[in-house]
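A quick write-up on the structure given underneath.
The values are calculated or read from the model by the stated rules, or taken from the named source; none is laboratory data. A quick note: this is a predicted structure, and the numbers were derived from the prediction, not measured. Here Cβ is always computed from backbone atoms with ideal geometry, including for glycine, and neighbour counts include all displayed protein chains.
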Amino acid sequence: MNLQGQLLADRLALAIVSFFSLWGFAVGYYLETFQYTLIVFLCGMLAAAMAVLPDWPVFNQARNALVWKDPESNETRALLNATSAAAASSATTSSSLSPASGPGKKKGKRQR
């Protein structure tokens, strides 16, 4: 089940439970008993579970399939790690050379 199938299953479960909830409320109100309201609601929960919990083929939507990346080789991964480490070290070196900023600058009252 992909993400679009999960969204479809969620919407279907919400629609089933909402329908049975409203129907159960109407039956319970008409018959003036809370027991029938709960029975109809629980039947709706069971129907929603039977409709959504199994991985039905309708939820496997091939038109929205994910495209997986090819795995990287060890040489490519080592080259990327070396490049990112060099960029990070040059960024920290250039920021530490600036005398106007940093933790060494004293803050306090202004001298007159």
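Results, tabulated for the structure shown:
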quantity: In region 1-33, the residues that are without any contact (Cβ under 8 Å) to a residue 12 or more places away in the chain, of a type in the set (A, V, I, L, M) and either farther than 29 Å from Phe59 by Cβ or not in a helix (DSSP H, G or I) (or both); calculated: Ala26, Leu31
quantity: Filter result (in a helix (DSSP H, G or I), of a type in the set (A, V, I, L, M, F, W, C), modelled with pLDDT of 75 or more and surrounded by fewer than 13 Cβ atoms within 10 Å (Cβ to Cβ)) within region 34-70; calculated: Phe34, Leu38, Leu42, Leu46, Met50, Val58
